[in-house]
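Colleague: The following block contains the structure, expressed as structure tokens.
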Amino acid sequence: DSDELSEVLNYVNSQQGKMGAHGEYFGKAKGKNVVLVSLESTQNFVIDRKLHGQEVTPFLNDLKEDSFYFNNFYHNTGQGKTSDSEFIIDNSMYGLPRGAVFTTNANNEFNATPEILKGEGYTPVSLHGNHASFWNRDVMYQSLGYDHYFSKQEYDVTEENSVNYGLKDIPFFEQSMPMIKGLDKPYYAKFLTMTNHYPYITNNENMEMIEPAETGDGSVDRYFQTVRYEDESIKKFFQMMKEQGEYEDTIFVLYGDHYGISENHNRAMSEILDKEIRPFEHVQLQKVPLIVHIPGMEGKKMDTVGGQIDLKPTILHLLGIEEQNDVQFGTDLFKEDREDFTILRDGSVVTDEYVYAAEGEHCYDKATGEEIDSKACTPLKEKAETELGYSDKVVYGDLLRFMDSEQQENKE
Ligand code: GP9
Ligand code: MN
């Protein structure tokens, strides 16, 4: 009921670093288009990595030099995979402990970024080359406030331009250009890539721009090829945005949606990383890239520890929008007094000092990777339980429907 909602609001508003002055980037991208690019199954370890003497992500490596690149950024997803990342990013709430919010709670009341931006005159859309009903997106997107979903039926999908789940990333971006050019500005456009999806298949030698790795674990070996292909597709996308005059007025947020290489591949991964994969390394492997590219603004490497949960306030603040009364579990990544902190869906926690691995309850010194007395991580473990519990309460109880009109009016 509404008392439960008040309890959650009290919790989120009391969190350290929530209140206080805005960071120096508040409003710096006011009125700009927002392009989100979901990098399918892309983990941060591929960034700046070389294989057979070649860069795996040459374009992203360059782009990040001209961008805010967060190298301590984690996915917060669970079983809902891509759909969880979408949910988390648009709402600053966590996915569920099992199942996917997109399929189980699609008719809930939300206050998602697309809906907020629509109120500010934006056109919010999502673009993806899979069937509209996959992950129940066609239903959930209406609850999140998207104006339109450009899905498989609006793309020209043939046997030749498809692999694995469907449309390859390069034709996906090519065919998406006229779609976004036709939108009323400013737009909030989410591009969901797809080619770098398990089991990482190529079906044409033009897609193979790097030789596979040689661990003998096929998925891991091919992963580098499909990541390299994805990188090429992003390069083409940026070229087209520039050529077609869409680049200058747009900010770009590129992020990995979730891990691509599961624990089942630890043997091969320990060969790639040249170290044993303990629970510490497993948690560190949940880092995904986050690149925030703002044309005309100088880049900076950001050590801030954060996660997908922080993107809603980060994006809204860049646009100069403050949600006064909103259930957001994340905090603006650019805020100066922000706590370095993120919670993974399994209850693991990362801060600037510690890594708590929920599986087996191990506590580590983040800088050295040395296992330390688990007592040091107890407060982190407890905070994770509280916070995930509150988020689940909101979703299971559909609590946002109790945001009454008075509270709505108090919002900016
Ligand atoms: C399917 C694509 C992949 O449309 O988003 O979904 P995933 O399996 O990664 O959740
Ligand atoms: Mn995915």
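The values are calculated or read from the model by the stated rules, or taken from the named source; none is laboratory data. It should be emphasised that the depicted structure is a prediction, and the values quoted were computed from it without experimental measurement. Every residue, glycine as well, gets a Cβ built from its backbone with ideal geometry; the counts of neighbours run over all protein chains shown.
Colleague: Is it fair to say Phe150 is within 16 Å of ligand 1 (Cβ to nearest atom), at pLDDT 95 or above and closer than 30 Å to Gly31 by Cα?
Modeller: Yes.
Colleague: Within the range 52-101, can you find the residues that are touching a Leu at 6+ places or on another chain (Cβ under 9 Å) and of a type in the set (Asp, Glu)?
Modeller: Asp84, Glu86, Asp90
Colleague: Which number in (1) farther than 30 Å from Ser143 by Cα; (2) in a helix (DSSP H, G or I) marks the one condition that Ile315 misses?
Modeller: All conditions are met except number (1).
Colleague: Among the residues of the range 63-81, which ones are surrounded by fewer than 23 Cβ atoms within 10 Å (Cβ to Cβ) and over 16 Å from the mean Cα position of the chain (by Cα)?
Modeller: Leu63, Glu65, Asp66, listed by residue number.
Colleague: Specify the residue that is nearest to Ala132 (Cα to Cα); the eligible residues are those in the range 210-221 that are away from ligand 1 (no atom under 16 Å from the Cβ) and surrounded by 16 or more Cβ atoms within 10 Å (Cβ to Cβ).
Modeller: Out of the qualifying residues, it is Val220.
Colleague: Restricting to the range 266-286, what's the tally of residues that are more than 23 Å from the chain's Cα centre (by Cα) and either closer than 20 Å to Ile88 by Cα or part of a helix (DSSP H, G or I) (or both)?
Modeller: Adding up the residues that qualify gives 7.
Colleague: A further question on this structure: Looking at the range 118-142, which of its residues are hydrophobic (A, V, I, L, M, F, W, C) and surrounded by 20 or more Cβ atoms within 10 Å (Cβ to Cβ)?
Modeller: Those that are hydrophobic (A, V, I, L, M, F, W, C) and surrounded by 20 or more Cβ atoms within 10 Å (Cβ to Cβ): Val125, Leu127, Trp135, Met140.
Colleague: Only residues that are of a type in the set (Asp, Glu) and in contact with a Lys or Arg (Cβ under 6 Å, 6 or more places away or on another chain): list them for the range 102-145, please.
Modeller: Glu109, the sole residue that qualifies.
Colleague: Restricting the range 170-198 to residues that are within 18 Å of the chain's Cα centre (by Cα) and outside any loop (DSSP other than H, G, I, E, B), which is farthest from ligand 2 (Cβ to nearest atom)?
Modeller: Tyr188
Colleague: For Pro114, work out the one condition from (1) within 16 Å of ligand 1 (Cβ to nearest atom); (2) part of a helix (DSSP H, G or I); (3) within 30 Å of Val349 (Cβ to Cβ); (4) not polar (S, T, N, Q) it doesn't fulfil.
Modeller: (1)
Listed here are the residues, each with its yes/no results for (1) touching a strand residue (DSSP E or B) at 6+ places or on another chain (Cβ under 9 Å); (2) among the polar types (S, T, N, Q); (3) in contact (Cβ under 8 Å) with a residue 12 or more places away in the chain.
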position: Thr314; (1), (2), (3): yes, yes, yes
position: Leu318; (1), (2), (3): yes, no, yes
position: Ile321; (1), (2), (3): no, no, yes
position: Glu336; (1), (2), (3): no, no, yes
position: Glu339; (1), (2), (3): yes, no, yes
position: Ser348; (1), (2), (3): yes, yes, yes
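Colleague: Now for a different question. What pairs come out if I take residues in the range 173-199 that are within 15 Å of ligand 1 (Cβ to nearest atom) and pair them with residues that are among the β-branched types (Val, Ile, Thr) whose C-beta lies under 6 Å away, six or more apart or interchain?
Modeller: Short answer, once both residue conditions are applied: Phe191/Val37; Thr195/Thr226; Asn196/Thr226; Asn196/Val227.
Colleague: Then there is this: Name the one entry in Ile315, Ile343 that is within 23 Å of Leu9 (Cβ to Cβ), in contact with an Asp or Glu (Cβ under 8 Å, 6 or more places away or on another chain) and of a type outside the set (Ser, Thr, Tyr).
Modeller: Within the list Ile315, Ile343, the selection yields Ile343.
Colleague: Another question, then. Scan the range 236-290 for residues that are within 16 Å of ligand 1 (Cβ to nearest atom) and touching a His at 6+ places or on another chain (Cβ under 9 Å) and jot them down.
Modeller: Leu254, Tyr255, Gly256, Asp257, His258, Tyr259, Gly260, Gln286, Val288
Colleague: Among the residues of the range 48-62, is any over 23 Å from Asp274 (Cβ atoms), assigned to a loop (DSSP other than H, G, I, E, B), touching a residue at least 40 places away in the same chain (Cβ under 8 Å) and out of contact with any His (no Cβ under 8 Å at 6 or more places or on another chain)?
Modeller: Scanning the range 48-62 turns up no residue that is over 23 Å from Asp274 (Cβ atoms), assigned to a loop (DSSP other than H, G, I, E, B), touching a residue at least 40 places away in the same chain (Cβ under 8 Å) and out of contact with any His (no Cβ under 8 Å at 6 or more places or on another chain).
Colleague: Within the range 31-51, work out how many residues are among the aliphatic types (A, V, I, L, M), away from ligand 1 (no atom under 16 Å from the Cβ) and more than 14 Å from Arg228 (Cβ to Cβ).
Modeller: Residues meeting the conditions: 2.
Colleague: A further question on this structure: Give all pairs with beta carbons closer than 6 Å in which a residue from the range 133-156 that is among the hydrophobic types (A, V, I, L, M, F, W, C) meets a residue that is within 13 Å of ligand 1 (Cβ to nearest atom); count only pairs at least 6 apart in sequence or on separate chains.
Modeller: These pairs meet every condition: Trp135/Ser83; Trp135/Phe102; Met140/Phe102; Phe150/Leu127.
Colleague: Could you grab me the full set of residues in the range 331-362 that are of a type in the set (A, V, I, L, M, F, W, C) and either under 18 Å from the mean Cα position of the chain (by Cα) or closer than 13 Å to Asn72 by Cβ (or both)?
Modeller: Leu333, Phe334, Phe341, Ile343, Leu344, Val349, Val350, Val355
Colleague: Here are some conditions: (1) within 16 Å of ligand 2 (Cβ to nearest atom); (2) in a loop (DSSP other than H, G, I, E, B); (3) buried (at least 24 other Cβ atoms within 10 Å of the Cβ); (4) not acidic (Asp, Glu). Ile89 meets all but one. Which one does it not meet?
Modeller: Single failed check for Ile89: (2).
Colleague: Pull up the range 303-353, narrow it to residues that are under 12 Å from Phe70 (Cβ atoms) and among the hydroxyl-bearing types (Ser, Thr, Tyr), then point me to the one that is surrounded by the fewest Cβ atoms within 10 Å (Cβ to Cβ).
Modeller: Thr304
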